[in-house]
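Peer 1: Sharing a structure here in structure tokens format.
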Amino acid sequence: MKFIVCEKPQEFLLKEKEIPEPKEGEVLLKIKRIGICGTDIHAFGGTQPYFEYPRILGHELAAEYVKGNAAGFKPGDKVTFIPYFNCGKCVACRNGLTNCCVNIKVFGVHIDGGMAEYVSIPEQYLLHGQGLDYDELALVEPLAIAAHGVRRAAVKPTDTVLVMGAGPIGIGLIQFAKIAGAKVIVMDINDYRLNFCKTELNADETINPLNDDVAAKLAELTNGDMANVVIDATGNQKVMNSAFNYISHGGRFVLVGLQKGELSFSHPDFHKRESTLMSSRNATIEDFEYVMKCLKEGKIDPKKYITHRTSFDEMITDFTSLTDPKNNVIKALIEIE
């Protein structure tokens, strides 16, 4: 089978190896769709935390069940899976927080992932396709990350939510915050994406920091209240540090984006607001199930933002253009037939 490995920063290689033989408790899957995500971009660029090279990337996956002994599955079934392999024993796992397991192995990050024609995975992470097609199934994982972030923030209809970053994760955050009934303001430096958020996702307002004083604009849009919930999906240190100025009194700041540096903020300003700061990492089975329910009910149409596609054989050539915001990429999928 063919596979693509990120040998080192800025270098992908197409190689071949034997199709894996599933061990006891594992299943063999034929990969059909691979979503290109921020983790892949940062790994290729050399800026991804918790990362070692060489690594086969890819964890936004849709697949066909080939063989194994997983109960309720048969060859030919459309499937996806939870790519966060947990130990089941640590303090996080014992408390149901498998998404932040102390010994977590994220598929395509800590261990080799799904940029391959076939993969073998533990059957416990397998999810039925529930009638969704391969395109939809490839987007369940990034949508689950967004759903988890909104759930962490406990978004409610009376909230004004500022989503910073209108990439694929940000788009999911917008949609789940809207489903929760909140007013949503989107911040990004890409006018194409901001317009997309207003016309396709019903974002209430948008802010472009290149044109606006963000704090002043946010105060104007909220009658001086600022945002009850601020969610970062940029992974940009400067944006994160600035965002402490955007939180309302009693507000929550949720970090979905990830970067390597330190956060810096004024303790008195943070303290007087009785602000809440939290991170949001990965997602749980509850988030995956909620996302699939929303997809089946038509509350989210992910095909709106699948804007670019490439084949497995052309991925290496196309990767730079597929990850360049100038090309108006919202979401790119790799197809394997």
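The values are calculated or read from the model by the stated rules, or taken from the named source; none is laboratory data. Just so we're clear, the structure is a prediction, and the values are computed from it rather than from any experiment. With ideal geometry, Cβ positions are generated from the backbone for all residues, glycine too; neighbour counts draw on all protein chains shown. Surface areas here come from the heavy atoms of the whole protein model, side chains and all, with no ligands, DNA or RNA. Shrake-Rupley method; radii C 1.70, N 1.55, O 1.52, S 1.80 Å.
Peer 1: Taking region 229-266, which residues are more than 14 Å from residue 185 (Cα to Cα) and within 17 Å of the chain's Cα centre (by Cα)?
Peer 2: 234, 235, 236, 254, 255, 256, 257, 258, 259, listed by residue number.
Peer 1: Could you look through region 123-157, keep only residues that are basic (Lys, Arg) and either assigned to a helix (DSSP H, G or I) or at pLDDT below 95 (or both), and pick out the one that is most open to solvent (accessible area, probe 1.4 Å)? Explain how you work it out, then say what you get.
Peer 2: Start the filter on region 123-157 by keeping residues that are basic (Lys, Arg), which leaves 151-152, 156.
Pick out the ones that are also either assigned to a helix (DSSP H, G or I) or at pLDDT below 95 (or both) and you get 151-152.
Working: 151: 127, 152: 103 Å².
It comes out as 151.
Peer 1: Right, next: Within region 184-213, count every residue that is among the basic types (Lys, Arg) and either in a loop (DSSP other than H, G, I, E, B) or under 14 Å from residue 164 (Cα atoms) (or both). So that I can check it myself, show each step before the final result.
Peer 2: Residues of region 184-213 among the basic types (Lys, Arg): 193, 198.
Imposing the further condition that a residue be either in a loop (DSSP other than H, G, I, E, B) or under 14 Å from residue 164 (Cα atoms) (or both) reduces the set to 193.
Number satisfying all stated conditions: 1.
Peer 1: If you go through region 215-238, how many residues are open to solvent by less than 40 Å² (accessible area, probe 1.4 Å) and within 21 Å of residue 150 (Cβ to Cβ)?
Peer 2: Start the filter on region 215-238 by keeping residues that are open to solvent by less than 40 Å² (accessible area, probe 1.4 Å), which leaves 215, 218-219, 221-222, 226-227, 229-233, 235.
Next, from what is left, pick out any that are within 21 Å of residue 150 (Cβ to Cβ): 218, 221-222, 226-227, 229-233, 235.
Of the residues in region 215-238, 11 are open to solvent by less than 40 Å² (accessible area, probe 1.4 Å) and within 21 Å of residue 150 (Cβ to Cβ).
Peer 1: Output yes when any residue across region 27-38 is open to solvent by less than 40 Å² (accessible area, probe 1.4 Å), in a loop (DSSP other than H, G, I, E, B) and either more than 17 Å from residue 312 (Cβ to Cβ) or in contact with a Ser or Thr (Cβ under 9 Å, 6 or more places away or on another chain) (or both), and no when none is.
Peer 2: The answer is yes; a qualifying residue exists.
Peer 1: Could I ask something else about it? Out of the strands (runs of 3 or more DSSP E) lying entirely within region 55-122, which hold 2 or more residues that are among the aromatic types (Phe, Trp, Tyr)?
Peer 2: Working: elements: 60-68, 78-81, 118-122.
Of the strands (runs of 3 or more DSSP E) lying wholly inside region 55-122, none has at least 2 residues that are among the aromatic types (Phe, Trp, Tyr).
Peer 1: Do you know which of the residues in region 39-54 that are touching a Cys at 6+ places or on another chain (Cβ under 7 Å) and not in a loop (DSSP other than H, G, I, E, B) is farthest from residue 314 (Cα to Cα)?
Peer 2: Start the filter on region 39-54 by keeping residues that are touching a Cys at 6+ places or on another chain (Cβ under 7 Å), which leaves 43-44, 53-54.
With the extra rule that they be not in a loop (DSSP other than H, G, I, E, B), the set shrinks to 43-44.
Details: 43: 19, 44: 16 Å.
Filtering region 39-54 for residues that are touching a Cys at 6+ places or on another chain (Cβ under 7 Å) and not in a loop (DSSP other than H, G, I, E, B), the one farthest from residue 314 (Cα to Cα) comes out as 43.
Peer 1: Please go through region 1-10 and give me each residue that is touching a strand residue (DSSP E or B) at 6+ places or on another chain (Cβ under 9 Å) and either crowded, with 16+ Cβ neighbours inside 10 Å or closer than 18 Å to residue 45 by Cα (or both), ordered by number. Spell out the reasoning first.
Peer 2: Filtering region 1-10 for residues touching a strand residue (DSSP E or B) at 6+ places or on another chain (Cβ under 9 Å) gives 1-7.
Within region 1-10, 3, 4, 5, 6, 7 qualify.
Peer 1: Taking region 282-319, which residues are open to solvent by 20 Å² or more (accessible area, probe 1.4 Å) and small (Gly, Ala, Ser)?
Peer 2: Going residue by residue through region 282-319, those that are open to solvent by 20 Å² or more (accessible area, probe 1.4 Å) are 282, 285-286, 289-290, 293, 296-299, 301, 303-304, 306-309, 311, 313-314, 316-318.
Scanning region 282-319 gives 298, 311.
Peer 1: Condition first: among the hydrophobic types (A, V, I, L, M, F, W, C) and either at pLDDT below 95 or closer than 23 Å to residue 115 by Cβ (or both). Now tell me which residues in region 77-104 satisfy that.
Peer 2: Residues of region 77-104 that are among the hydrophobic types (A, V, I, L, M, F, W, C), as a first pass: 79, 81-82, 85, 87, 90-93, 97, 100-102, 104.
Passing the criteria: 79, 81, 82, 85, 104.
Peer 1: Further, regarding this structure: Hey, can you tell me all the residues within region 257-281 that are polar (S, T, N, Q) and surrounded by fewer than 12 Cβ atoms within 10 Å (Cβ to Cβ)? I'd like the intermediate steps shown before the answer.
Peer 2: The initial filter retains those residues of region 257-281 that are polar (S, T, N, Q), namely 259, 264, 266, 275-276, 279-280.
Those that are polar (S, T, N, Q) and surrounded by fewer than 12 Cβ atoms within 10 Å (Cβ to Cβ): 264, 266.
Peer 1: List pairs: first residue in region 31-53 and closer than 15 Å to residue 140 by Cβ, second residue crowded, with 17+ Cβ neighbours inside 10 Å and among the hydroxyl-bearing types (Ser, Thr, Tyr) anywhere in the structure, Cβ distance under 6 angstrom, at least six positions apart or on different chains.
Peer 2: Cβ pairs passing all conditions: 32/134; 33/134.
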